[in-house]
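Sharing a structure below in structure tokens format, with a few things to ask.
The values are calculated or read from the model by the stated rules, or taken from the named source; none is laboratory data. What you are looking at is a predicted structure, and each value in this text was computed from that prediction instead of being measured. Cβ atoms come from the backbone with ideal geometry, glycine included; neighbour counts cover every protein chain shown. Accessible surface areas use protein heavy atoms only, side chains included; no ligands, DNA or RNA. Shrake-Rupley method; radii C 1.70, N 1.55, O 1.52, S 1.80 Å.
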Amino acid sequence: MKKTLLRGLFNVLPLVLSIWLFWSLFESLDEVGSFLFGLVHINELFKGAGFLLILILLFVAGLLFSVSPIAWLYDFIIRQLMRFPFFKTVYSSINDIASLMSSDNKNKSQQTVLVHQANDTYVVGFIMANDTPEPLTNALPEGDWVPVLFPLSYQIAGVTTLVKRQDLTIVDWSFEDAMRYNLTAGISISAKDKEEKDLKAPLAADPQK
């Protein structure tokens, strides 16, 4: 009885939480869109009209940012706002996170690596850039240093460590799959990795095949 309840909980809970999260996002954006409709004295047309309006506005914004004058004007405004220290700190942090998540702005230098530890263990990390800022370069001993991120399991956090490139073992593994593996402490693997593992299992059991 207890095992059955737990099995149901562990299977249903991720689905319910995912639906709740996306529904909350939908509701929030729909309210913002409804507020914009109210500014021009338009009553709510139907449920979801505000959400649809936000999507249309985002699409139009994407088109506008492809036009040089609009992009230049936006960059000019941002540069002026960046003169305010508090705004600069908040905007830079959010912008860096958005850039990390954006498929259009993927940093090609992001690589999955293994870092050898003193007790003959390895830690999975990610090269986040091909070089270090000048102040760090001047302070570090001579060598090809790169920033390596070590995410913490089940947390949106991590530790950035400077490691010599020759001490890293490059792994042919996508950033997304390796990050998911790290954040879930090895519990989650991609469907492709799982399929390959299942295919190799019978061969490992019977080497003659």
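Condition test on Phe22, is it more than 30 Å from Val146 (Cα to Cα), open to solvent by 90 Å² or more (accessible area, probe 1.4 Å), modelled with pLDDT of 90 or more and of a type in the set (A, V, I, L, M, F, W, C)?
Yes, satisfied.
Also, quick follow-up: If you check every pair at least six apart or on different chains, which have Cβ atoms under 8 Å apart with a residue in the range 57-86 that is of a type in the set (Gly, Ala, Ser) first and a residue that is open to solvent by 80 Å² or more (accessible area, probe 1.4 Å) second?
Qualifying pairs under 8 Å: Ala71/Phe65.
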